[in-house]
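The values are calculated or read from the model by the stated rules, or taken from the named source; none is laboratory data. From a predicted model like this one, the values you see are computed outputs, not experimental measurements. Note that each Cβ is placed from the backbone with ideal geometry, even for glycine, and that neighbours are counted across all protein chains shown.
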Amino acid sequence: MRGFGGVSRRNMLIGGVAAPFIGAAGTGPVRAAAPMLGGAMAPFHRFALGGFEVTTLLAGTRTVDNPHGIFGMNVSDEAFDEAAQAAFIPSDQAQFFFTPTLVNTGAELVLFDTGMAPGGITAALAAAGYTPDQIDVVVLTHMHGDHIGGLMQDGVVTFANARYVTGAVEHNHWSNAGNDGFEGKVRPLSAQMQMIDPGQSVASGITAMFAPGHTPGHMIYMLESDGAQLALVADTANHYVWSLAYPDWEVRFDADKAQAAASRRQVFGMLAADRVPFIGYHMPFPALGYVEAIGDGFRYVPASYQMMLGKA
């Protein structure tokens, strides 16, 4: 096999390229006593989108056993195992990511969703260089606990200077559901909350779109600045394989499973056709990528360096 500049891989290994390592091992002290530090990743990722600055925030991550109890509830164990094997992931465990997104429009700091608890989102904000009191707007895509959990703790509001925005359909549903999370985290802020409908704007360049099914009023948001676009799809797909590659597979957390599947097909079909990047709340961190229509589903394409070049 030929390598760089006509040098074979074998010659690289036995020649001058490998020699410094051999020499160092043979003549110097062994330095292998450093402690293992464990796996880690940066808790934020920031990039430019036109005149906006977008930061994804890792508010939490955890390992979940038996993912087939959550995804693909309408398919066999064999089909689920086969899909996992094809994607190079195990079928008996999955890693969940919880990724709020912060958008600096140049005029306001707009936070989309808040994680499971204040500690997670405030730690991620601090790592990214922000404080909770700098947040101007908090947008709730829907009202599951892992999206509203960071709003407050023991009656103390996390984002003291923010106004709040959410979908009218979503708020109306949960206000009549007797849900403890809603009662403890959202209802106390309802007087400060602006209810919007699909097609309305949170701020200039940020537009709400209806994508129901996961919850009755689940909404996503399209960002546009200086001709660049990005979709915040929230929980339209909860896993990059088991609900994106297989949009008709039922997800335990989807309130209306048929409607959720229809929303997946509509939203990701649009993004694939227009080649628009997206952030998914539960995609592998930093949760940013593209989607390609392939077969009867979609293939997730993690972003590499496109945003660094400003050519999304």
Considering only segment 259-278, I want to know if a residue exists there that is outside any helix (DSSP H, G or I), closer than 20 Å to His214 by Cα and in contact (Cβ under 8 Å) with a residue 40 or more places away in the chain. yes
Which numbered condition His68 fails, given (1) touching a residue at least 24 places away in the same chain (Cβ under 8 Å); (2) in contact with a helix residue (DSSP H, G or I) (Cβ under 8 Å, 6 or more places away or on another chain): (1)
So, of the residues in segment 252-262 that are surrounded by fewer than 23 Cβ atoms within 10 Å (Cβ to Cβ) and not acidic (Asp, Glu), which turns out to be nearest to the chain's Cα centre (by Cα)? Phe253
Matching residues in segment 135-151 - criterion: being outside any helix (DSSP H, G or I) and either buried (at least 19 other Cβ atoms within 10 Å of the Cβ) or aromatic (Phe, Trp, Tyr) (or both): Ile135, Val137, Val138, Val139, Leu140, Thr141, His142, Met143, His144, Gly149, Gly150, Leu151
For segment 244-258, which residues satisfy the criterion of being farther than 22 Å from Glu170 by Cα and either among the acidic types (Asp, Glu) or in contact (Cβ under 8 Å) with a residue 60 or more places away in the chain (or both)? Ala245, Tyr246, Asp248, Trp249
Apart from one, (1) farther than 24 Å from Ser243 by Cα; (2) in a strand (DSSP E or B); (3) under 14 Å from the mean Cα position of the chain (by Cα) all hold for Thr61; the odd one out is (1)
Complete set of residues in segment 152-166 that are in contact with a helix residue (DSSP H, G or I) (Cβ under 9 Å, 6 or more places away or on another chain) and in a loop (DSSP other than H, G, I, E, B): Gly155, Thr158, Phe159, Ala160, Asn161, Ala162
Restricting attention to segment 127-134, does a residue exist that is surrounded by 15 or more Cβ atoms within 10 Å (Cβ to Cβ), β-branched (Val, Ile, Thr) and either in contact with a Phe, Trp or Tyr (Cβ under 8 Å, 6 or more places away or on another chain) or in the same structural domain as Asp248 (by TED's automatic domain parsing) (or both)? no
Single residue of Gly106, Gly115 found to be modelled with pLDDT of 95 or more, in a loop (DSSP other than H, G, I, E, B) and in contact with a helix residue (DSSP H, G or I) (Cβ under 6 Å, 6 or more places away or on another chain): Gly115
